[in-house]
Amino acid sequence: MHVITIPLPAQGNRCHLVHDGASALVVDPPRDLRPVERAAEQAGVDIRVVADTHVHNDYVSGALGLARRHGADYLLSADEAVDFERVGVRDGDRVAVGRMSLEVLATPGHTRHHQAFLVTGATGASGSPTAGAVFSGGSLLHGTVGRTDLVDPRLATDLARAQWRSARRLAALDPATLLHPTHGFGSFCAGRPAEAGDGDVTLGSQRGTNPVLTTAEETFVSDLVAGFGPVPRHYGHMAPLNRAGAGRSVGRAARPVTAAQVSDAVLAGAWVVDLRGRDRFAEGHLTGSVSVEQGPQLATYVGWLVPWGDDIVLLTDDPTRLGEAVSDLAAIGIEGVGTHVLDGSEAMGARYRRTDWAGYRTAPAGVRRVVVDVRQRDEWQSGHLPGALHLPVQDVERAAHRLPAGELWVHCRSGYRAGIAASLLHRTGRSVVHVDDGWERVEELAIPTVAGLAA
């Protein structure tokens, strides 16, 4: 049995292709099937079974489309209400995938009908089963578990108790069993920041380190629920799309727009998103546009900030990267966006300053400086600048009018979110300075910090 892990950085997840040299199982595939099919082709295997551990809340599943393209069975909990045909499976069911055996394990918690899949193969002349691998989806993750408030916040505590029991059920399997979760690599579906999980992670290695396996049930439940952070806005639309089978298609194609149409979009209040680097955006950009630098976090923050269904136009000066951006957005159900390639003829007259933490420390007196920290609550609580205002990036658009007069110095942990926030504040007419530097530099430069609750 061979496991090929397919990183999905734009979603903060992983997909897995499991094969015996001829037949393959795919667990939790993305909407963009190209990396999965490429992996199967390179391994020289046929995709025979496709499975989703749960109805996903953070991306549009490609499982239905993949299964139909390859004539494979699509496994999903029989208790889930969906608008398409699939092979409904329940706890204890076994499915053959070539010379491998898949056992369904009910692991409620992340969702009510969540399942994990224990896959074993046969080795040697005796055909004795291997310890195998468990594909845990959003149940037991590397060093944490999946959050339990996404289905319904009112169920968070009850599902957290179920999550505790499910994790312990998995931990009771052979300690040599490899643990392959879907979440925990950047997705907001993780209950806490997960371990890196590079290399082989076994169930045995989690027994003494994962809080869900070392903490009493009620203590774990209260700690888990109390620590949940915000939920990206687009998450509320993912489960309905997945129940409708939206991922069976690649989505509506992007539509190229002209420079005049971009101007019209700005005037109409549409979201004109500049994908260029945040440094270049600060040096010059179209008035009214917003900086969301293209990278693994693009879809998360566009999906979080832009009201669902609003028109979006993407700007870039590198047309070769547009396809990647459009695909990343389609992965969360944002389709039919406008695209425009900047050719230098546009009026890029809007600009603001960038600096680093050294520049912050040596800035001259005389200007009223308002420090705006756009990190999340847990980051703020662990340490922030004295006198700074806490305004998480997802709240900037809504609460910008509350910020006091003065020059806004905007920072986050790495500079990425601060670039988004600085552009949002700048388009409201505020004078901004983007502190584009790593938070670790604050300690290196001995800039004072304090800890405490968000304000």
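The values are calculated or read from the model by the stated rules, or taken from the named source; none is laboratory data. Here the structure is a predicted model, which is why all the values come from computation and not from measurement. We place every Cβ from the backbone using ideal geometry, glycine too, and count neighbours over all the protein chains shown. Only protein heavy atoms, including side chains, enter the accessible area calculation; ligands, DNA and RNA are left aside. Shrake-Rupley method; radii C 1.70, N 1.55, O 1.52, S 1.80 Å.
Only one entry in L224, L179 is open to solvent by less than 20 Å² (accessible area, probe 1.4 Å) and not in a helix (DSSP H, G or I), namely L179. Considering the stretch 347-431, the qualifying helices (runs of 4 or more DSSP H), each wholly inside and each with 3 or more residues that are over 23 Å from L275 (Cα atoms), run over 357-361, 377-382.
Within the stretch 354-376, the only residue that satisfies the criterion of being of a type in the set (S, T, Y) and exposed (fewer than 14 other Cβ atoms within 10 Å of the Cβ) is T362. Taken together, T320, T287, T316 contain a single residue that is open to solvent by 60 Å² or more (accessible area, probe 1.4 Å) and touching a Lys or Arg at 6+ places or on another chain (Cβ under 9 Å), which is T287.
Comparison of D149, D158 shows that the only residue that is acidic (D, E), open to solvent by 10 Å² or more (accessible area, probe 1.4 Å), on the phi < 0 side of the Ramachandran plot and assigned to a loop (DSSP other than H, G, I, E, B) is D149. Going by what's in this entry, would V201 be described as open to solvent by less than 50 Å² (accessible area, probe 1.4 Å), under 30 Å from D174 (Cβ atoms), of a type in the set (A, V, I, L, M) and out of contact with any Pro (no Cβ under 6 Å at 6 or more places or on another chain)? For V201, the condition - open to solvent by less than 50 Å² (accessible area, probe 1.4 Å), under 30 Å from D174 (Cβ atoms), of a type in the set (A, V, I, L, M) and out of contact with any Pro (no Cβ under 6 Å at 6 or more places or on another chain) - is met. For first residues located in the stretch 378-399 and surrounded by 16 or more Cβ atoms within 10 Å (Cβ to Cβ), partners that are part of a helix (DSSP H, G or I) and not hydrophobic (A, V, I, L, M, F, W, C) and lie 6+ apart or on another chain with Cβ distances below 8 Å form the pairs H390/R377; P392/R377; V393/Y301; V393/R417. Restricting the search to helices (runs of 4 or more DSSP H) fully inside the stretch 255-335 and requiring at least 3 residues that are in contact with a helix residue (DSSP H, G or I) (Cβ under 7 Å, 6 or more places away or on another chain) gives 298-305, 322-330.
Only residues that are closer than 17 Å to V410 by Cα and either among the acidic types (D, E) or modelled with pLDDT under 95 (or both) were counted across the stretch 430-446, and they come to 3. Among the candidates L150, L179, L155, the residue that is more than 26 Å from G236 (Cβ to Cβ) and at pLDDT 95 or above is uniquely L179.
The listed residues are P211, P193, P256, and the only one of them that is touching a residue at least 12 places away in the same chain (Cβ under 8 Å) and under 15 Å from the mean Cα position of the chain (by Cα) turns out to be P193. Within the stretch 204-221, restricting attention to residues that are aliphatic (A, V, I, L, M) and in a helix (DSSP H, G or I), the residue that is surrounded by the fewest Cβ atoms within 10 Å (Cβ to Cβ) is L213.
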